[in-house]
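Below is one structure; the comments refer to it alone.
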Amino acid sequence: MALRDIILVIIVNIAWGLNFIAVLFAVDGFPPLLANTIRFVSVVVFLLPFLKIIPGRMKDMMTIAFVMGVVHFGAIFIGMSKTEEVSTIAIVGQLSVPFATLMSVLMLGESVGWKRAAAIVLSFAGVIILGFDPKVFGYIDAVLWIVFSSFIYGVSTVLMRRLKDVRATTTQAWIAVGGIIGSLILSLLWESDHIRVIQAASLSAWGGVLYSAIGSSIIGHGGVNYLLRKYEVSVVAPYLLMTPFFAILGGIVFLGEALTWRVIVGGAMTLLGVLIVTLRNKARVEEELDAEGLNNETSHQVR
């Protein structure tokens with residue numbers, strides 16, 4: 001990866017890491033589903049030029065928009081509304097990688113070797129250690145919501161393959177639309193005093209929502225989409241494991257969080273497992289490409 005692209009991926013990790021703190025500020029002033037709605041309204045404003053009808057693909061598009069925009073991001077905002085910590089939450093959020101691998105096995109029939117299977121077990125073992133940290137017991141429901149959001153993201157990665165030929169910004173724009181519609185409906189059903197809450201929201205709450213839209217979606221996802229046009233997923237993915245580091249650093253600097261040995265050990269186990277899964281996924285892709293190239297060469301020689 002070129003130096004300027006490495007700098008870009010570091011910026012993406014910083015944007016995503018600090019997003020955990022931004023969401024914490026957002027849900028401190030808004031109910032979580034309302035916060036998710038406002039966030040996606042801001043995203044649509046930026047991505048409106050890319051909001052286009054894709055003939056014959058809108059059923060898959062709206063399915064992904066609901067799963068990602070409403071369920072995945074909604075679970076993140078609900079989870080963050082139940083905690084004042086970001087370190088553990090940021091680490092647990094990395095379970096999306098092993099979950100995505102598991103979903104590819106269950107939904108697509110792909111095979112997983114013993115190394116990736118062991119790495120997945122290691123990742124979840126790390127989360128279990130995190131769960132037994134005394135301070136985590138105070139917000140275990142938040143951890144479970146983030147685990148659920150990671151699972152949903154794993155499902156989403158499989159669904160996204162149906163739209164791999166659609167421009168990423170268009171998909172992102174429709175996810176925002178789905179997030180607005182679904183989150184607003186659920187917010188009206190389960191949350192209350194919307195007008196009063198909006199009028200009373202602090203600048204930090206508004207700043208958190210806007211940062212989540214611009215920093216996470218526009219800069220973060222936009223940067224990754226740019227990188228994925230130049231490099232394989234297997235090349236980009238390992239760099240994204242820096243996100244928890246910046247989230248933890250942000251928690252220490254801005255929130256005065258302290259690290260316990262369980263968070264350090266459990267976090268290290270989880271991230272190591274995620275790294276192994278990522279690298280093994282990369283090796284698998286390279287092996288498949290090499291095999292395909294060999295088959296093509298053999299076929300050409302026969303002809």
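The values are calculated or read from the model by the stated rules, or taken from the named source; none is laboratory data. None of the values given here were measured: they were computed from a predicted structure. Quick reminder, even Gly has a Cβ in these numbers, built from the backbone with ideal geometry, and neighbours come from all protein chains shown. Heavy atoms of the whole protein, side chains included, go into the accessibility calculation; ligands, DNA and RNA do not. Shrake-Rupley method; radii C 1.70, N 1.55, O 1.52, S 1.80 Å.
For (1) in contact with a helix residue (DSSP H, G or I) (Cβ under 7 Å, 6 or more places away or on another chain); (2) under 23 Å from S104 (Cβ atoms); (3) surrounded by fewer than 19 Cβ atoms within 10 Å (Cβ to Cβ), each residue gets a yes or a no:
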residue	(1), (2), (3)
L159	yes, yes, yes
R162	yes, yes, yes
T171	yes, yes, no
I175	yes, yes, no
S183	yes, no, no
L186	yes, no, yes
E191	yes, no, yes
R196	no, no, yes
Set V12, V23: member being open to solvent by less than 10 Å² (accessible area, probe 1.4 Å), part of a helix (DSSP H, G or I), of a type outside the set (D, E) and over 20 Å from V197 (Cα atoms): V12
F46, sole failed condition from (1) modelled with pLDDT under 95; (2) open to solvent by 20 Å² or more (accessible area, probe 1.4 Å); (3) in a helix (DSSP H, G or I); (4) in contact with a Phe, Trp or Tyr (Cβ under 9 Å, 6 or more places away or on another chain): (4)
Helices (runs of 4 or more DSSP H) completely within segment 221-272 that count 2 or more residues being closer than 19 Å to R4 by Cβ and modelled with pLDDT under 75: 222-230, 233-236
Test set (1) open to solvent by 20 Å² or more (accessible area, probe 1.4 Å); (2) within 15 Å of the chain's Cα centre (by Cα); (3) of a type in the set (S, T, N, Q) - T63 fails condition number: (2)
Residue pairs meeting the criteria (Cβ under 7 Å; at least 6 apart or on separate chains; first under 11 Å from M80 (Cβ atoms) and at pLDDT below 90, in segment 138-151; second surrounded by 20 or more Cβ atoms within 10 Å (Cβ to Cβ) and acidic (D, E)): Y139/E85
